[in-house]
Amino acid sequence: MKNSISRRTFLTKTAALGAGAYPAMLALNLLPAAPAHAFDLHAGSGKGKHLIILGGGLAGMTSAYELRKLGYRCTILEARQRSGGRCWSVRGGATTAETQNPQHTAGFDKGLYFNAGPSRIPHHHQLTMHYCKELGVPLEVYNNVNEGSYYFAEGKGPLSNKKVRAREIHNDMRGYLNELLAKAASQHQVDASLSAEDSAKVLEYLRAEGGLDIDKLYKASARRGYLEQPGAGNQVGKLGNPHRLADIVSSGLLDPDFYNVAEYTYELQMTMFQAVGGMDRIAQALEARVADCLKLGAEVTTIQNQAEGVKVVYKDQQGTHELTGDLC
Ligand SMILES: Cc1cc2nc3c(=O)[nH]c(=O)nc-3n(C[C@H](O)[C@H](O)[C@H](O)COP(=O)(O)OP(=O)(O)OC[C@H]3O[C@@H](n4cnc5c(N)ncnc54)[C@H](O)[C@@H]3O)c2cc1C
């Protein structure tokens, strides 16, 4: 019997596992490389040629920016009244309209913004960092991890319907699981293949990882925070007791929504970056380089291949227009 899996089933199962479907598909070669053939893009190769670029998002504007370096004349047609596409930072007064809903206007105070699209530049997005450097967009570290944030599980269980610090759940789980493993390792249940010396090292690791005491037991420690902060003199602070493992489980705090340790994954590992002042600074820097060839409010409605090029029809507030571009 043929052992096959549909793309939909694969995506559903991968998502259910909590892994990113996109990197998994790349790794399994289920997403083939973009089929575009290699272009002959040497300096001056674009002389006398007109290219029409659909969409003034980061991809469209970067394409125009690079192609113009090679001498191509470019026209970017962007349906919206702003550039940047998904790379959008909402600021006070910004509006957005949905097909079924009335227009929303952001009432933010001056200086405040919300990155509605991309907010993080991961360590492996070297191309993005390259363009930020070339375009003079300053970057700063993006804090992807906040152990002081709260979980709030709605439902049953003694820890639900109230605020619980992420650091408490993370450290309690590390503590309990490493205590279990340390006990098993002490009885040579999990380390049969290890030498006595290596076994001792594993135990030492489990103690450090779980924050276990000398008896390999998980108890209250400063890792999970204080009920009363330590101060000067004899104010040593008051430690909070670990939550019971059964309480954590029954309150739903091991559900993927809560225990989704994003920073374990390659794409979200620290250190991450963001553009200082909002991610739309990247779009704005690109727009400044290509503004003279960018048409806003120009929605492409038809694309027709022709013997000698391509015909693109777009509409704007003035009406319907045609543009012809070259095949390259
Ligand atoms: C909520 C969210 C969070 C994200 N977070 C991250 C992140 O943290 N880090 C990261 O690296 N990436 C992130 N991404 C992905 C990133 O935003 C996109 O990969 C990137 O912005 C895509 O750029 P693009 O130019 O290819 O497409 P788009 O930005 O979608 O640009 C396409 C453009 O085409 C225009 N257009 C569409 N149809 C027409 C038409 N008929 N005529 C004319 N114009 C048209 C659109 O208006 C748009 O401006 C996130 C995306 C979203 C939505």
**OP:** Select from LEU159, LEU217, LEU194 the residue whose mean-square fluctuation is largest in a Gaussian network model of the chain (Cα-Cα springs shorter than 10 Å).
**Re:** LEU194
**OP:** With a ≥ b ≥ c taken as the square roots of the eigenvalues of the C-alpha gyration tensor of the range 128-228, please select rounded if a/c is under 1.5 and otherwise prolate if a/b is larger than b/c or oblate if it is not?
**Re:** oblate
Original post:
What angle do you read, to the nearest 10 degrees and between 0 and 90, between the alpha-carbon axis of helix 280-290 and the longest principal axis of the chain?
Top reply: 20
Original post:
log10 I(q)/I(0), Debye, Cα-only the range 67-160, no solvent, q = 0.16, 0.21 Å⁻¹?
Top reply: -1.06, -1.24
Subject >> Cα gyration tensor, the range 200-280 - rounded (a/c under 1.5), prolate or oblate >> reply: prolate
Original post:
Helix 166-186 sits at what angle to the longest principal axis of the chain, using alpha carbons and giving 0 to 90 degrees rounded to 10?
Top reply: 50
**OP:** Straight distance only, please: which lysines reach the Cα of LYS110 with their own Cα at less than 28 Å, same-chain residues fewer than 8 apart left out?
**Re:** LYS133
Original post:
If you take the beta carbon distance between LYS163 and GLN100 as r and set R0 to 25 Å, what does 1/(1 + (r/R0)^6) give as a FRET efficiency, to the nearest 0.05?
Top reply: 0.10
Subject >> Stretchable slack from ILE214 to VAL141, in nm (0.36 nm times residue separation minus alpha-carbon distance) >> reply: 22.5 nm
**OP:** Just check the range 219-328 against the gyration tensor rule for me: Cα atoms, a ≥ b ≥ c as the square roots of the eigenvalues, rounded for a/c under 1.5, and otherwise prolate or oblate depending on whether a/b exceeds b/c.
**Re:** prolate
**OP:** Note the angle between two axes, namely the Cα long axis of helix 196-210 and the longest principal axis of the Cα atoms of the chain, as a number of degrees from 0 to 90, rounded to the nearest 10.
**Re:** 70
Subject >> Candidate lysines - alpha carbon under 19 Å from LYS219, same-chain residues fewer than 8 apart omitted >> reply: LYS183, LYS238
Original post:
When all alpha-carbon pairs of the chain are counted, what percent fall beyond 28 Å?
Top reply: 64
Original post:
Relative contact order, percent, of the chain when contacts are C-alpha pairs under 8 Å separated by at least 6 residues?
Top reply: 22
Original post:
Straight-line reach from LYS295: which lysines have a Cα under 19 Å away, not including same-chain ones fewer than 8 places off?
Top reply: LYS49, LYS311, LYS315
**OP:** Sort HIS130, HIS123 so the one with the fewest other Cβ atoms within 10 Å of its own Cβ comes first.
**Re:** HIS130, HIS123
Original post:
Using a simple spin-label model with points 7 Å from Cα along the Cα→Cβ vector, what separation in nm is obtained for LEU227 and ALA116?
Top reply: 4.6
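Laboratory data are not the source of any read-out in this text; all were calculated from the coordinates shown. Computed from a prediction, not measured in an experiment: that's the story for all the values here. FYI the Cβ positions are ideal-geometry reconstructions off the backbone, even for glycines, and counts take in every protein chain you see.
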